[in-house]
Amino acid sequence: MSIERIDEDLCTGCGTCTDSCPMDVIRMDDARGKATIRYPEDCTLCAICEIDCPEHAIYVGPSKETQVTTCWGL
Amino acid sequence: MSSQIDAETDVLVIGGGMAGLFAAIKAREEGVDVILVDKNYVSKSGSTAFAEGDYSVCNPEWGHDVRAWMNQATVVGEYLNNPEWTEITVRESLDRYNDFLAWGVKPKEASDGSVLRFRRPVGFGPLECCFLGRGWTFLPAMRRQAEKVGVRIIDRVMITDLLTRDGTAVGAAGFHGRTGDFYRFEAKATVMSTGNGTFRNVPGAMGPVGFLSYDGESMAYRCGARIGGKEFANTGATGFAAQKNETARVDLRGKAFNTIPAKYPGWVSYGPAISFTNSYVDAEGYETNRITAANTIHEGRGPIYWNLDGARPEDLEATLRDIKDSKTEFRLERVGLDLTKGGLFTGVLRLESAPGHSIFGGGTGISSTGTDCTTDIPGLYGAGDVYQSKAIGASYPAFGFALRNASVTGARAGRAAAQFASKTRRIPLDGKEVPELKEAIYAPMERTGGFSPDWAEQQLYNLMVPYYVLLVKHGDRLAATLTMVRFLKNHVAPKLTARDAHELRLAHETRNRILSMEMILSSAIFRTESRGSHYREDCPGRDDANWFADVKISNRGGEMELVKEPLPSEWLPDAALTYRERYPRRFPGEG
């Protein structure tokens, strides 16, 4: 699950979360002027995005599923 | 098609955590031009961003004794620390503390309005700390200070290559992690302050610092610098409030280590460890607990549980206060944990991740060649966790040492680099290096097939993380693991793929991690004794006659060359002391 949602009604597109995330999970969707979850698989649940968001628009879940190892390199 | 951005400066600082920010600000104060570049956003980056915030300032006005501070590093570090560096980091901590105050970083206050000074109750040393707050809360003030004095900050650019001419550092190159643009910096002097390393994307790790990937030491190694202290990097054991696979990411800090009732397996029944723990937990508990916990598992008496029933009320209160201060209560609520109810937490003590944090604060990384933060490469300076100042020895001595070391070495490196730049002519790059650099940097994006960084990272993690590799070491197992890691290095790393700039960064990070794991395993095989955080069950005692020495790694035509460098015998304590007096801590199996 990791970062689960950014509430589009609350997000003002200020970009704070895109700076806060040290794993580059969140990017700005320039067309819509909203922050968007682009790489959820890299979230490490630090939740700084949620803590820093001035609009309380972000929810970081408590857990993350880990992948089963495959043999072929993807 | 990505663009190329060229920039010139006097001092280039790579990495913007505590060390890099100090280096950049202090260099700029010397009157030279400074660029600070970071692969994240400066003030939300570096291990500093996730630091507890303990800063162990040694202030004589508060009755602190410099010798006691030094002794902590010396005894816990089992005499491998460089006393000159240890004294510098202790003595200059007050200057750096005063910098914090001047820059608007406010230490937490006690109820009477004075600066709060405290000791962590268990396992983190007898020395007082101040509390700066969680890293991500105080770093913005440092960023503002850097901007105020005119440091040029470039965010989201990952440096992959240190550039040298005739053996001298002349700049660096890398790419933007979002746009993919190529960046090339020309600098008269360069400060490496990229921190240490851990694995990516591991819930429940020491700190959520999955972006730390040994970048600085990898770059410096490829350019010929010696790397040291790698054998002391072991796997982090952390106590996170968690149940099942959910983690609240609240570090319980081992406050209940000594008080687990005998009905629970693990700590209490382990005789030698507990005798050590009871005697020395304040001086050293952390490393010992980690190794003895792993050994308990090794003996088939795991898993280890974390128990709060016996926690002292004041310890629990301190934990809850820390959680409240960092505004992270919601994480506990989200996984349904109430620490005030006590109880046995399942799956809480995790032995995983973070090879390196056992020795951060100057114990490992690019070798120091002097107290002005020089390295083997002229024009290259080191600071913080990536720099083996040897302010600490074979083990991390106590909370508060890492931020202090980062601040002191950062300030020193910044000043020294600025002074070097002031009297140096810039060596212009002729551009001939650019095509080769670009080809190497962007190669993962050009490949149509190969291995994803995620997959390679997972294989590396699976090899390195089990307790029997880095916590309870054995020459045979280390050699077997090294064989597989070298396979990853030689066969998988050259075939990593990336779909975009985001993944390109991951590919370069994974490549650096694989190299660093090879260094860790090679050094651990080479040092045939146990010391500090390096425990080998096949040679469980210290061997001063043969191993009062550093292990240094250097790049000899692509192969790692390991050299034993003897240390001054005067660093050892009085020869009249018995072994047990010299080393009060017992390793499992030592007798």
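The values are calculated or read from the model by the stated rules, or taken from the named source; none is laboratory data. Keep in mind it's a predicted model, so treat the numbers as computed, not measured. Counting neighbours? That spans all protein chains shown, and the Cβs are built from the backbone with ideal geometry, glycine included.
At-a-glance table
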{"item": "Check on residue B:477, over 20 Å from residue A:68 (Cα atoms), within 13 Å of chain A (Cβ to nearest Cβ), of a type outside the set (Gly, Ala, Ser) and out of contact with any Gly (no Cβ under 7 Å at 6 or more places or on another chain)", "result": "no"}
{"item": "Residue tally, condition within 14 Å of chain A (Cβ to nearest Cβ) and either of a type in the set (S, T, N, Q) or in contact with a helix residue (DSSP H, G or I) (Cβ under 9 Å, 6 or more places away or on another chain) (or both), over region B:144-155", "result": "2"}
{"item": "Exclusive hit being within 28 Å of residue B:199 (Cβ to Cβ), assigned to a strand (DSSP E or B) and of a type in the set (Asp, Glu), set B:518, B:561", "result": "B:561"}
{"item": "Residues that are in contact with a Ser or Thr (Cβ under 8 Å, 6 or more places away or on another chain) and either assigned to a helix (DSSP H, G or I) or surrounded by fewer than 24 Cβ atoms within 10 Å (Cβ to Cβ) (or both), drawn from region B:36-57", "result": "B:41, B:49"}
{"item": "Qualifying residue in region B:514-526 (condition: within 14 Å of another protein chain (Cβ to nearest Cβ), buried (at least 16 other Cβ atoms within 10 Å of the Cβ) and either modelled with pLDDT of 95 or more or touching a Cys at 6+ places or on another chain (Cβ under 7 Å) (or both))", "result": "no"}
{"item": "Some residue of region B:57-74 being within 17 Å of the chain's Cα centre (by Cα) and closer than 17 Å to residue B:402 by Cα", "result": "yes"}
{"item": "Any hit, region B:110-123, residues being modelled with pLDDT under 90 and among the β-branched types (Val, Ile, Thr)", "result": "yes"}
{"item": "Wholly enclosed strands (runs of 3 or more DSSP E) of region B:140-222 bearing at least 3 residues buried (at least 24 other Cβ atoms within 10 Å of the Cβ) and either at pLDDT 95 or above or of a type outside the set (S, T, N, Q) (or both)", "result": "B:157-165, B:168-176, B:182-192"}
{"item": "Boolean, residue A:36 is more than 8 Å from chain B (Cβ to nearest Cβ), among the hydroxyl-bearing types (Ser, Thr, Tyr), in contact (Cβ under 8 Å) with a residue 40 or more places away in the chain and not in a helix (DSSP H, G or I)", "result": "no"}
{"item": "Qualifying residue in region B:458-468 (condition: hydroxyl-bearing (Ser, Thr, Tyr) and more than 14 Å from chain A (Cβ to nearest Cβ))", "result": "yes"}
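A quick yes/no check of all residues on (1) in the same structural domain as residue B:475 (by TED's automatic domain parsing); (2) more than 27 Å from residue B:461 (Cβ to Cβ); (3) of a type outside the set (Ser, Thr, Tyr); (4) out of contact with any Gly (no Cβ under 7 Å at 6 or more places or on another chain):
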{"residue": "B:520", "(1), (2), (3), (4)": "yes, no, yes, yes"}
{"residue": "B:530", "(1), (2), (3), (4)": "yes, no, no, no"}
{"residue": "B:537", "(1), (2), (3), (4)": "yes, no, yes, no"}
{"residue": "B:543", "(1), (2), (3), (4)": "yes, yes, yes, yes"}
{"residue": "B:546", "(1), (2), (3), (4)": "yes, yes, yes, yes"}
{"residue": "B:549", "(1), (2), (3), (4)": "yes, yes, yes, yes"}
{"residue": "B:559", "(1), (2), (3), (4)": "yes, no, yes, yes"}
{"residue": "B:578", "(1), (2), (3), (4)": "yes, yes, no, yes"}
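One line per residue, one yes/no per condition, for (1) closer than 23 Å to residue B:427 by Cβ; (2) touching a Gly at 6+ places or on another chain (Cβ under 8 Å):
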| position | (1), (2) |
| --- | --- |
| B:368 | no, yes |
| B:372 | yes, no |
| B:376 | yes, yes |
| B:382 | yes, yes |
| B:386 | no, yes |
| B:389 | no, yes |
| B:401 | no, yes |
| B:406 | no, yes |
